[in-house]
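Where a number appears in this text, it was derived from the coordinates with a stated rule and is not lab data. Computed from a prediction, not measured in an experiment: that's the story for all the values here. For neighbour counting, all protein chains shown are included, and Cβ atoms are generated from backbone atoms with ideal geometry for every residue, glycine included.
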Amino acid sequence: MPDIQGQAGASSIIDGAPAAASSLPEKNGSSPHPGSPKGKDARVPKKLMPKKRVERIGGTVCGICAGIATLLVVTLIFMVAEHGLATFVVDGISPIAFLTGTTWNPHSNGADGAPLMGALPMIVGSFGVTLLSCLFVLPFAVGAAIFTVEIAPTFGRKVLQPVIELLVGIPSVVFGLLGLTIIVPLVRGAFGGTGYGLLAGSVVLAVMVLPTVTSLSIDAIASVPNAYREGSYGLGCSRWQTIWHVVLKSALPGILTAVILGMTRAFGEALAVQMVVGNAASIPTSLITPAATLTSVLTMGMGNEAMGTVYNDALWSLALILLVMSLVFILIVHLIGRKGAKVNG
Amino acid sequence: MPVKSVPSQTTTEAPAKIAQSARIDEPVRLIDRTAMLAEADAISHYAAPVDRTRPAKMSVSGLNLHYGDFHALKDVSLDIPEHQVTALIGPSGCGKSTFLRTLNRMNDLIPSCRVEGSVTLDGVDAYHDLDAALLRCRVGMVFQHPNPFPMSVYDNVAYGPRAHGIRKRAELDEIVERSLRDAAVWDELKDRLDANGCGLSGGQAQRLCIARALAISPEVLLMDEATSALDPISTAKVEDLVVSLKERYTIVMVTHNMLQATRTAQYTAFFLMGEMVEAGSTKQIFEDPHDERTGDYVSGRFG
């Protein structure tokens with residue numbers, strides 16, 4: 001331990017007090033040759049200064065990054081809200097009429113002279129495809145997750161999960177194309193009509209959100225403590241009883257979170273849905289009649305209308321609805337997470 | 001040169017001091033056999049003597065267990081006498097928990113685990129002639145760490161009976177109360193049956209787990225260091241419980257606490273490095289061990 005010796009000796013010389021010198025070797029256990037100063041005393045304070053500066057620079061840089069990210073989100077929400085609310089504040093369209101009206105034709109005026117801006121068909125369409133797609137995806141995702149974690153962990157983790165996660169990387173336009181060439185003709189053949197509609201849209205969406213929901217469900221089920229499984233097996237329960245009554249019950253908050261995050265994605269998806277949903281802005285009477293979603297109307301209309309026109313403002317209002325709904329979904333996820341933490345101790 | 005002489009003196013003295021204090025501390029820090037036996041005598045002493053006329057409830061012979069390449073249990077043979085408490089002692093990693101888990105086939109859940117030899121329950125081969133789930137209904141288990149399910153106290157206890165087809169509320173009510181009473185936790189929890197089992201204290205949670213195991217009326221109860229995560233008062237309660245439960249159940253417990261073995265067990269088996277070194281009445285194992293290694297262990301010379 002030459003360093004300790006050196007420091008001990010050095011400090012004794014600086015302080016000039018024998019007590020200070022004796023304390024160090026005693027603490028370090030052994031030092032038969034104390035003393036031999038080598039002038040290392042200057043080093044320690046010198047090194048402290050740049051360290052402090054690095055600390056400060058690091059803190060500043062990270063703080064700026066965090067600030068920019070926060071600012072970005074806040075300004076984004078503010079901008080969408082500003083344009084979206086202009087419909088009601090500047091153009092004088094009643095919010096209630098906007099949310100409950102069933103006719104979407106902003107270029108012509110209704111009986112009361114106001115433009116026909118009923119967003120209800122799109123709201124119904126968006127919620128319709130979202131809920132339906134989650135209904136379709138839930139059994140597959142949870143089944144695949146149970147298989148991956150409980151039944152065939154090696155196969156599941158090495159083959160199934162990577163393959164399912166490949167779906168994340170496929171561009172949404174490809175999903176739309178596949179839906180157009182496979183799902184739409186299938187629906188047309190099976191149920192008649194044009195084939196375009198909520199059913200085709202939700203099937204395409206279900207495939208798109210499958211990887212998200214499956215991956216998060218796998219995480220939720222894998223995070224159930226093994227002690228719960230052992231406790232259940234120890235009581236003479238079969239594997240299925242254990243999975244159903246203990247594992248799924250304990251993983252439920254996580255699975256719900258997975259589904260809602262999937263819903264957030266489905267709710268916001270534009271291109272693939274627009275290609276197969278039919279784009280008729282009227283309240284769908286069945287799953288196979290053409291419909292429209294908030295996103296599909298937005299993508300089709302945004303490029304055609306000049307900024308500042310009433311139609312353009314109305315599109316911003318649709319965007320605002322989308323944004324608010326996404327925020328609501330995320331809020332629900334947080335609430336579930338907190339409740340789940342309480343239940344699982 | 002006072003500066004140099006002072007440190008050199010202290011440094012040469014310091015190690016000697018440590019060594020000296022270690023020599024003095026040694027018998028005190030480790031378990032002293034005579035002191036331990038005296039304490040055991042003062043408390044309750046060897047729980048009632050072994051009744052050798054009773055038949056073996058479970059019988060293990062020529063048991064070999066491998067985890068992949070690791071030979072965890074080497075040719076173990078042991079009889080578990082009925083309505084007695086059998087304690088399994090030994091240093092950590094000696095295979096006693098693994099042995100306990102072979103008795104109700106919990107090791108089946110580990111894919112790399114391979115079991116050879118025979119385990120019988122009432123003379124019936126537990127590995128070939130009994131379904132694992134049925135075996136576990138008859139051989140219940142309490143784990144080292146309390147593991148109540150994330151549901152209410154009531155649902156925790158009713159979980160087993162429900163899984164085995166009991167649906168009537170009145171019947172379940174009765175089972176829950178009886179099990180909680182048997183586990184000596186009824187008085188504390190009777191007003192909190194709707195409380196979440198995960199929110200209980202460690203001692204209550206462990207007795208809840210015992211109640212949960214008792215609810216399916218097993219014949220044998222396995223306890224895997226069931227008191228190691230509990231405070232002394234909770235431990236005493238669980239020990240009293242074990243003593244009172246042996247009238248109706250055959251109990252096998254793994255313990256690191258040798259006083260606990262002397263207080264509760266009639267029968268003790270000593271495990272070392274995957275081998276069952278010696279088994280016999282608790283009194284014999286602690287006072288007159290036939291094997292030198294057993295003597296070393298119970299007198300605290302290692303482990």
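A few points about this structure:
- Taken over region A:92-113, the criterion of being over 19 Å from A:Ser282 (Cβ atoms) and crowded, with 17+ Cβ neighbours inside 10 Å is satisfied by A:Ile93 alone.
- Within region B:83-183, helices (runs of 4 or more DSSP H) holding 1 or more residues that are more than 9 Å from every other protein chain (Cβ to nearest Cβ) and over 20 Å from A:Glu230 (Cβ atoms): B:153-163, B:169-182
- Condition check for A:Arg265: under 16 Å from A:Leu205 (Cα atoms) and in a helix (DSSP H, G or I): yes
- Which numbered condition A:Gly189 fails, given (1) more than 29 Å from the chain's Cα centre (by Cα); (2) within 14 Å of another protein chain (Cβ to nearest Cβ); (3) in a helix (DSSP H, G or I); (4) among the small types (Gly, Ala, Ser): (2)
- Residues of region A:230-262 that are in a helix (DSSP H, G or I), of a type outside the set (A, V, I, L, M, F, W, C) and free of Cβ contacts under 8 Å to residues at least 24 places away in the same chain: A:Glu230, A:Gly231, A:Ser232, A:Tyr233, A:Gly234, A:Gln241, A:Thr242, A:His245, A:Lys249.
- The one condition in (1) more than 10 Å from chain B (Cβ to nearest Cβ); (2) closer than 23 Å to B:Asp131 by Cβ; (3) of a type in the set (Val, Ile, Thr); (4) buried (at least 23 other Cβ atoms within 10 Å of the Cβ) that A:Val277 fails to fulfil: (2)
- Number of residues in region B:210-222 that are under 14 Å from the mean Cα position of the chain (by Cα) and within 11 Å of another protein chain (Cβ to nearest Cβ): the value is 2.
- Across region A:250-266, a minimum of one residue is classified as within 26 Å of A:Gly101 (Cβ to Cβ) and either within 14 Å of chain B (Cβ to nearest Cβ) or of a type in the set (A, V, I, L, M, F, W, C) (or both).
- Residues in region A:228-241 include none that are more than 14 Å from every other protein chain (Cβ to nearest Cβ) and in contact with a Ser or Thr (Cβ under 8 Å, 6 or more places away or on another chain).
- Only a single item in (1) under 19 Å from B:Leu103 (Cα atoms); (2) without any contact (Cβ under 8 Å) to a residue 12 or more places away in the chain is not met by B:Leu272, and it is number (2).
- Screening region B:189-303 for helices (runs of 4 or more DSSP H) wholly inside it with 1 or more residues that are farther than 30 Å from A:Lys249 by Cβ and not hydroxyl-bearing (Ser, Thr, Tyr) returns the ranges B:232-245, B:258-264, B:282-287, B:292-298.
- With respect to the conditions (1) in a helix (DSSP H, G or I); (2) aliphatic (A, V, I, L, M); (3) under 30 Å from B:Ala211 (Cα atoms), A:Val224 lacks only one, and its number is (1).
- Only one entry in B:Val238, B:Val252 is buried (at least 19 other Cβ atoms within 10 Å of the Cβ) and more than 14 Å from chain A (Cβ to nearest Cβ), namely B:Val238.
- Selection within region B:188-197 - acidic (Asp, Glu), more than 25 Å from the chain's Cα centre (by Cα) and more than 14 Å from chain A (Cβ to nearest Cβ): B:Asp191
- For region A:152-170, the criterion of being exposed (fewer than 14 other Cβ atoms within 10 Å of the Cβ) and of a type in the set (Ser, Thr, Tyr) is met by at least one residue.
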